[in-house]
Structure formats: C-alpha cells, structure tokens
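> Mind having a look at this structure? Questions to follow.
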Amino acid sequence: MTDPSRVETGPISIANLVAWAYQVSPKEVDGPGWMRDAWFEVVATFPNGAGGKAPEMLRHLLADRFKLVAHVDKRTESVFALTAPNGDGKLTRTADETTESACKPKGITDGDFRKRDGARECLNVSMQQLAELLPSSIAPYDVDRLVLDRTALSGGYDFIIRWTPAIIRDRVPADVTPGDSMPEALKKLGLQLESQKAEVSVVVVDSVEKEPTGN
C-alpha cells in the first residue's frame, strides 16, 4: 500500500473486515453467519497522520456505515499449535530480508482435476505469519481453527506448501491416490499442527447491519 492513509480492498467479507479492524483471525469473530457471505469493496481515505491507525479507523468506519457494535471477550477455545519439533532443518532461511513477504498460489501440477493440489510459494514468511495465514487465506477449509505459533523460530523463510485440499480429497475416486493432506504437507517442512486448548481473544458482534449507509 503506497499511501498509508488510504485503504483499498478487493471483495472482502464483513467478517474479515471486522477481523482486520480488531486485529484477530477471522476464526475469532463471533457473529451472524451471513457476515461471512456478505462481500463488499472498501475504499477509504483517513486523515493525515492516521495511516498507522488503520485498524482503529476501520472500526470507526464499520460503526458508522454498518452500525457495528462489538466487544472483545476472552474464551478458552480449541486451537492448533504450530510446532517445529526438530527446529528449522527442513526450512530455507530467507537470504534477502528485503524480499516481499508473501504466500502466493503456485499453480496446479497435475492435469487430472481429481488430483489437483493446493500450493503456495512463501517467500520471507515467518512462522508467526504462517500461523496467521493458514486458517485465513491459505487453507481455511483444511485448518478450521486459530493457529498459534509455538515453533520458537524467528525470521523469514522460503518454502512451498503443496497439498490436496479437503474439498478435493473428499471427491477423489477409489482408483486415484490424492496428494498430501495439510498435516502431511507441513510435516515435510518439519512442522506440525497440534490440537490444544488456549485462551484467545474473540470479537463478539452484538449487532451489525447487512447494508451500509450511504456516503
């Protein structure tokens, strides 16, 4: 984003906007189900000097335009802990720290739709970032809860995650061997998802309108 005082998004759900505004995972937004299916595009310009307060300004925008009323609650929830039992031996540390940090689609390697895999090429991505991305943008249907970074690894890494999404695996005929599941794909990188209970911050939506008010 070249102008820190300006926010522009592509289509984004109300639930994701709330998560962004409160700096939590979309999995930790507790509100009406329709919030995940109502999509909008946001173009907003904040006052000079407010760019660094984008989440706070977005909260004001949601309250003004969508009449959002919400509060943050602490709950004990089922989560995944991302761990690296043997350190980073199977990961490649980013050589150039100026590389843009991102996980981008890598493409489909098999022409048979029944074996199509999901793949993300991640460059200069920390384990904290990976934990945040797994349930939100990388594999929301395969990783169905908040992920906490428990790897004790710092800095950025370059790696590729290649897996067959659950939605595809469920449809693979008996004569076709699917690719790796997400846990199997992470294991090849020396990473694991361990089921745990943890106290997390949950944004509870008390009320919100389905349609925004006019400008």
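The values are calculated or read from the model by the stated rules, or taken from the named source; none is laboratory data. Please read all numbers here as calculations on a predicted model, not as lab measurements. Cβ: placed from backbone, ideal geometry, glycine included. Neighbour counts: every protein chain shown.
> Determine whether W39 is modelled with pLDDT of 80 or more, within 16 Å of the chain's Cα centre (by Cα), among the aromatic types (F, W, Y) and under 25 Å from L146 (Cβ atoms).
Considered against the rule, which asks whether it is modelled with pLDDT of 80 or more, within 16 Å of the chain's Cα centre (by Cα), among the aromatic types (F, W, Y) and under 25 Å from L146 (Cβ atoms), W39 comes out as no.
> Could you please give the count of residues in the stretch 167-203 that are of a type in the set (D, E, K, R), outside any helix (DSSP H, G or I) and within 22 Å of the chain's Cα centre (by Cα)?
Residues that pass the stated criteria total 5.
> Which of (1) in a loop (DSSP other than H, G, I, E, B); (2) in contact (Cβ under 8 Å) with a residue 12 or more places away in the chain; (3) under 30 Å from V42 (Cβ atoms) is the odd one out, the single condition G214 does not satisfy?
Result: G214 passes all but (2).
> Which pairs have Cβ atoms under 6 Å, sit 6 or more apart or on different chains, and link a residue in the stretch 149-172 that is farther than 14 Å from Q129 by Cα to one that is of a type in the set (S, T, Y)?
Listed by first residue and then by second, the contacts come to A166/Y141; I167/Y141.
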